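Asks: One structure is given below, represented as structure tokens, and several questions about it will come after.
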Amino acid sequence: MSHVMPKISKSKKNIFMSILPAVKLTPDNTFWTTYDDEADVLYVNFKKPSHADDSELTEDDVIIRYEKGDIVGLTFLNASRRSLS
């Protein structure tokens, strides 16, 4: 199945560009995201495949996933209710 991305406005393109600082913070300047609309959860992975062997839940409902002591991903609970600040 092929997906064709519709034309997007300059303001929408700028939203994508706003993630650049986050990309630069990641190992290998790469990450993958998946959003689960039904659960309102944003998954951010820094390694594929990753096999987390430990995790911690922060006070602000972010699950930090570890593999052999290295952070391999973040899970943002209640993602749509978060502000960007």
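Asks: When you scan the stretch 18-40, how many residues do you find that are within 19 Å of residue 67 (Cα to Cα) and aromatic (Phe, Trp, Tyr)?
Replies: So the answer is 2.
Asks: Follow-up question, since we're still on this one. Please find, within the stretch 20-47, the residue that is nearest to residue 79 (Cα to Cα) out of those that are assigned to a strand (DSSP E or B) and β-branched (Val, Ile, Thr).
Replies: 41
Asks: Another question, then. In this structure, does residue 50 turn out to be free of Cβ contacts under 8 Å to residues at least 24 places away in the same chain, among the hydroxyl-bearing types (Ser, Thr, Tyr) and not in a strand (DSSP E or B)?
Replies: Values: free of Cβ contacts under 8 Å to residues at least 24 places away in the same chain: yes; among the hydroxyl-bearing types (Ser, Thr, Tyr): yes; not in a strand (DSSP E or B): yes.
It is true that residue 50 is free of Cβ contacts under 8 Å to residues at least 24 places away in the same chain, among the hydroxyl-bearing types (Ser, Thr, Tyr) and not in a strand (DSSP E or B).
Laboratory data are not the source of any read-out in this text; all were calculated from the coordinates shown. The model shown is predicted, which means the values in this text are computed figures rather than measured ones. So basically every Cβ, Gly included, is an ideal-geometry build from the backbone, and we count neighbours across all protein chains shown.
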